[in-house]
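Everything on this sheet refers to the single structure shown next.
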Amino acid sequence: MTVWRITGGEGGPDPGAREGPHYDIVEHDSALLRITAASGLPRVLITGEVDVSNTAAVTRALRAVQERVPGDVHADLTGVEFMDVAGLRAFTEAAGALHDRGGLLVLHRVPPHIERLFSLIGWNASPGLEIHCPPRR
């Protein structure tokens, strides 16, 4: 795990200009997938492609977030371009584990094509999983 602290120093963003959580922990960084987390919040930002080659990293990142800040885990999937059934399964299984401990896995800003896959398979109704999609246009 790599931890990056971003400051308002030279070349860094203005911390006062940020909205939302500050993702300062890099849980996974590869050519296909980047997972960053907010150290003080139960939030994770996932970008790239989630497939059979990196679902273990997704599972580890979600577990690490839950261990740092108990309760519900929130994952922002805005930047996820592709997800296969192994990726869907990783989120569903993580949701089930959280459900067993009384929590939820809340997926935010899920791209419509990924939300459709969850629905087609029927995993959108999995225990402990809550899916929030962007508004349809």
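The values are calculated or read from the model by the stated rules, or taken from the named source; none is laboratory data. What you are looking at is a predicted structure, and each value in this text was computed from that prediction instead of being measured. No Cβ is skipped: glycine too gets one built from the backbone with ideal geometry, and neighbour counts run over all protein chains shown.
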Check your understanding: If the Cβ limit is 6 Å and pairs must be 6+ apart or interchain, which residue in the range 94-116 that is on the phi < 0 side of the Ramachandran plot pairs with which residue that is polar (S, T, N, Q)?
Key -> ALA95/SER126
Point to revise | Total residues in the range 64-92, condition among the basic types (Lys, Arg) and either closer than 13 Å to HIS113 by Cα or at pLDDT 95 or above (or both) | key: 1
